[in-house]
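The numbers here are math on the coordinates, done by the rules we state, and not lab data. This structure is a prediction, so every number in the text was calculated from the model and none was measured. Neighbour counts are summed over all protein chains in view; Cβ atoms, including those assigned to glycine, are modelled from backbone coordinates with ideal geometry.
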Amino acid sequence: MKIIAIANQKGGVGKTATSVNLAAGLASKGYKTLLIDLDSQRNATNTLIPPETITTTLADVLVGDNNRQPLENAIYETPIDNLDLVPAHIRLAKIERFIEIEEQFRLKDGINNLTDYDLVILDCPPTLGMTLTQALLASHYVIVPIAADYYSHEGVIDLNESLQKARRGNPQLQILGYVMTRYDSRMRVAKESLQLTQDKYQELAFSSVIRELAAIKTAPAMRLTVYEYDPSGDGSADYTAFTEEVVTRLELENTANKGIHLVEQTSAKKRKAS
């Protein structure tokens, strides 16, 4: 099982879109995938499962000292084959109050108890703090989305400092790569941002670029991944290419491409622990 955090401390860089569509892309290739929503804004959660079906969330796993739930009790099926979700809750903001060292490893311990998954994707919050720290301590890899502007690069500097600190408790943590998002080739700033990313991060810069596309923005509002919303469009093509590049970098074994199988949104239900 490989654990990947999608992180950038700056908001608006396409972090959740990348988390959701990468997870769906990996699932479509036959990899049993778990997406964990660590962002109290719950955007990934709202994209994949109806809120009225949720009774247990990641907050019930990580927050508090008494009556905490095991992670497997907060896992829900999504309408996409091979993709499950751990939903977020606004109470995740309380994690920032944790001060005990052992509490920093609650997420890591919960994931390590799981045996059913090939890949775990962590959709991290757009802030530095204990929630992000838990994600970095639990992960093997980090993927950093960088929007095609100047300010997103400033956010990466702060994130890299957090990565260095996290490696003290998680020496195996490494950056899988930096992916350019919200790219508009008509904009000079976008071209300069892409060049800066490629020059600065070299082989760690993904060749795939996620363009600024209406389908990527609209799909979450329809509670769909970009593959479901516009399967033959440019957004699906961009995330398919990115997913394939991630698979190559992770050196994953080939699996039969099962494709994304859609069912009625109302059929999403809590996944029963075996």
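Couplings for the range 59-65, taken from phi via the Karplus curve 6.51 cos²θ - 1.76 cosθ + 1.60 with θ = phi - 60°, read 4, 5, 8, 9, 9, x, 10 Hz in order; Gly and Pro are left as x. When the alpha carbon gyration tensor of the chain is reduced to an equivalent ellipsoid, the three semi-axes, largest first, read 27, 23, 17 Å. Go ahead and collect, in residue order, the members of the range 196-218 whose backbone nitrogen is under 18 Å from a label point 7 Å along the Cα-Cβ direction of residue 185. Output list for this probe position: 196-198, 206-216. In this rough spin-label picture, where each label sits 7 Å from Cα along the Cβ direction, the residue 90-residue 1 distance is 3.1 nm. Considering only 169, 146, 243, and ranking their Cα positions along the charge dipole of the range 2-255 that arises from unit charges at the beta-carbon of Lys, Arg, Asp and Glu, the one farthest toward the positive end is 146. Remark: the chain carries a charge dipole of roughly 240 debye about the Cα centre, counting +1 on each Lys and Arg Cβ and -1 on each Asp and Glu Cβ.
Here is how the number arises for the chain: DSSP H runs of 4 or more residues each give -39500 (n - 2.57), the sum is divided by the residue count, and the result at 222 nm is -10500 deg cm²/dmol. Each of 51, 252, 41 was placed along the dipole of the range 2-255 (beta-carbon charges, centred on the mean Cα), and the one lying farthest toward the positive end is 41. Ranked by how many other Cβ atoms sit within 10 Å of their own Cβ, fewest first, the residues 140, 89 fall in the order 140, 89. A simple spin-label model places pseudo-atoms 7 Å from Cα toward Cβ; at residue 221 and residue 192 they are separated by 3.1 nm.
For the pair residue 202 and residue 151, the difference between a 0.36 nm per residue extended length and the Cα-Cα distance amounts to 16.4 nm.
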